[in-house]
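The values are calculated or read from the model by the stated rules, or taken from the named source; none is laboratory data. Given the structure is predicted, the values throughout are model-derived calculations rather than measurements. For the accessible areas, the whole protein counts, side chains as well, though only heavy atoms, and no ligand, DNA or RNA atoms are used. Shrake-Rupley method; radii C 1.70, N 1.55, O 1.52, S 1.80 Å.
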Amino acid sequence: TDDHVHILETLANPAAIAIKSAQFHALQEEQLNREQRLRQQANERNNQLNVLYYLGRDLNRSVKLMDLLDIVVEKLGQLVPFQSCIVFVTRQDTQIVAQKVQSPYEGLFTGFTASLEDQDTILGWVATNKRHLLLADTRESRFNNLILAERSFILVPLLQEDEVLGEIYVGSADPGAYDDETLNLVTMVSAQAA
């Protein structure tokens with residue numbers, strides 16, 4: 001009846017206003033969330049730049065190898081989440097040793113030495129090719145990881161004028177823990193460390 005139509009029209013007008021208001025509020029909330037994400041990303045970038053700045057400064061102040069390696073691992077920990085961080089150093093151009101290890105599996109690397117000429121290992125492959133290796137899931141790779149309990153890792157060479165001085169390894173127990181952005185950070189650290 002006309003009364004029903006009148007009642008529906010009376011209800012529809014405030015409902016339309018409420019819906020429009022809710023849409024406007026949702027749009028504002030989305031914009032606010034976007035701005036917060038951008039602000040958070042800018043803060044993270046700023047923090048990363050600060051860590052890289054202090055890394056360079058601290059490395060230039062140190063002359064002992066172990067002090068340098070301590071700084072590298074400490075600053076990497078501020079930039080990249082890891083379960084294990086290992087800095088390998090080249091010996092006699094064909095061998096590589098675990099010089100600095102921060103890991104729950106540290107005992108595996110006591111007296112650890114490997115050949116840089118064995119391309120079937122990740123250490124040999126990175127040294128021979130002078131390229132990084134980022135594995136999102138070690139179970140889907142032809143390479144065996146250094147630490148079987150870790151599912152993803154980044155391994156970058158420490159290069160100085162085409163000479164491999166060593167390698168930096170960061171590993172996580174979780175698959176997919178690292179991406180290209182993380183790789184860039186580890187690469188920047190390795191360049192300064194070398």
What is the mean projected area of the alpha carbon convex hull for the stretch 98-194, to one decimal in square nanometres?
6.0
In square angstrom, rounded to the nearest 10, how much accessible surface does Thr90 have for a 1.4 Å probe?
30
In the stretch 63-190, carbon and sulfur make up what percent of the accessible area (probe 1.4 Å)?
46
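Tell me what the chain gives for mean residue ellipticity at 222 nm when only DSSP H runs of n ≥ 4 count, each as -39,500 (n - 2.57), the sum divided by the residue total, rounded to 500 deg cm²/dmol.
When only DSSP H runs of four or more count, the value is -17500 deg cm²/dmol.
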For the chain, set up a Gaussian network in which alpha carbons nearer than 10 Å are linked by springs, and say which option among Leu55, Leu159, Leu148 fluctuates the most.
Leu148
In whole angstrom, how far apart do the alpha carbon centroids of the stretch 130-145 and the stretch 1-50 sit?
44
Any idea how many Lys pairs in the chain come in under 25 angstrom at the alpha carbon, given 8 or more places apart or on separate chains?
5
For the chain: accessible area per residue (Å², 1.4 Å):
62
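At 1.4 Å probe size, put Ser21, Ser115, Ser190 in order of accessible surface, largest to smallest.
Values: Ser21 65, Ser115 45, Ser190 5 Å².
Largest accessible area first, the list is Ser21, Ser115, Ser190.
Averaged over all directions, how much area does the convex hull of the C-alpha atoms of the chain cover when projected, in nm²?
16.8
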